[in-house]
Amino acid sequence: MMEVAGRRWLTVSAVTVLASAVVVLFSIVHAHSLRVGTRVHNLLTFFKLGVIVLSLVAGMGRGKGDLAHLEQTLADVSGGPGSFAVALIYVSFGEAMKNS
């Protein structure tokens, strides 16, 4: 832990070390070979898509919901259009950070 002027600036935990190790590992993989890096990236992308599809299928198959809730309009949603616009701003910031 690093303190400056009585404030904690850096704490090292097992999670921090693991995250750093994963970043270093992927950096080594991508620096080693473009072909290997591409395959790893594609594999992880398919894994993420599979998790999303599995979640959707499980939710639709297990749920006892009613499709009538899909008929709601934007005005029916709590917060109205303003909340929706703010949510889109957060999404755009997330996309910008992902692409930088």
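The values are calculated or read from the model by the stated rules, or taken from the named source; none is laboratory data. What you are looking at is a predicted structure, and each value in this text was computed from that prediction instead of being measured. Heads up, the Cβs are rebuilt from the backbone with ideal geometry, glycines too, and the neighbour counts pull from every protein chain shown.
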Which residues, taken from region 71-100, are surrounded by 10 or more Cβ atoms within 10 Å (Cβ to Cβ), modelled with pLDDT under 70 and not in a loop (DSSP other than H, G, I, E, B)?
LEU74, GLY80, PRO81
Can you tell me which of (1) loosely packed, with under 11 Cβ neighbours inside 10 Å; (2) β-branched (Val, Ile, Thr); (3) modelled with pLDDT of 90 or more is the one VAL36 doesn't meet?
(1)
